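Here is the structure we will look at.
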């Protein structure tokens with residue numbers, strides 16, 4: 001697995017992956033990511049520190065199913081010393097937890113490639129991923145501009161309430177209490193915790209949509225027709241599956257368990 005070279009569908013995919021990893025590392029320099037991939041898609045899961053959510057970035061690969069998306073097997077050598085093609089490269093089959101920093105360092109944006117680093121001991125969240133299927137579209141209206149405004153208002157409220165505290169009263173316990181109150185609120189009547197929208201904003205998932213080539217899948221399965229339309233429209237969509245909620249954007253997804261992942265952070269970014 002380690003040393004496998006992944007060939008992105010285009011340099012933009014590699015650049016977006018690098019940006020995603022860079023943001024994770026901004027919050028935790030020792031961040032790890034779990035990679036799961038098959039066919040021509042690679043899902044990269046990370047947990048940005050202080051948000052109590054999982055972030056998912058799906059990377060389109062260059063036709064891994066046809067042998068061009070992943071290269072890990074050299075050709076054989078003939079009697080005259082010339083390397084020969086040993087057949088199509090193996091179909092992508094990845095499921096490993098790696099260092100986000102090492103994966104970032106391996107990315108060649110110009111070539112559109114990345115190399116899978118050696119596996120690391122995964123953090124607890126890496127064993128508790130959202131399901132790949134069974135997602136149901138929720139009847140929630142999520143307008144990107146309104147969601148961004150709601151996040152900005154929540155961050156401003158946190159800072160204002162913190163500044164009103166006297167120095168002796170600005171304890172970690174009090175900041176935690178304020179943070180739990182603000183970030184546990186829902187976005188309108190959608191049921192989506194504000195912390196999920198905050199994470200999406202901080203990771204660059206709520207920026208204006210570009211032409212419809214950006215992946216939106218939060219799993220390696222194919223999107224449904226409604227999801228494809230959301231991708232084309234640059235819209236946000238909310239899905240549920242069991243205890244999970246998933247905010248889907250043109251640039252990635254934020255998944256959160258209704259029962260939480262433990263350790264709610266309070267510091268606005």
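All of the numbers you see were taken from the coordinates with simple rules; none came from a lab. Treat the numbers as computed from the prediction; the structure is a model and nothing was measured. So basically every Cβ, Gly included, is an ideal-geometry build from the backbone, and we count neighbours across all protein chains shown.
Worth pointing out:
- In terms of its C-alpha gyration tensor, segment 111-201 comes out oblate, because a/c is 1.5 or above while a/b does not outweigh b/c.
- Alpha carbon centroid spacing (whole Å) that separates segment 1-46 from segment 128-197: 26 Å
- Model label zone, residue 5; criterion: amide N under 12 Å from point 7 Å along Cα-to-beta-carbon; scope segment 109-129: 111-116
- Efficiency of FRET from Cβ geometry, residue 146 and residue 258, R₀ 22 Å, rounded to 0.05: 0.45
- Spin-label model, residue 159 to residue 26: label points 7 Å out along the Cα-to-beta-carbon direction sit 1.5 nm apart.
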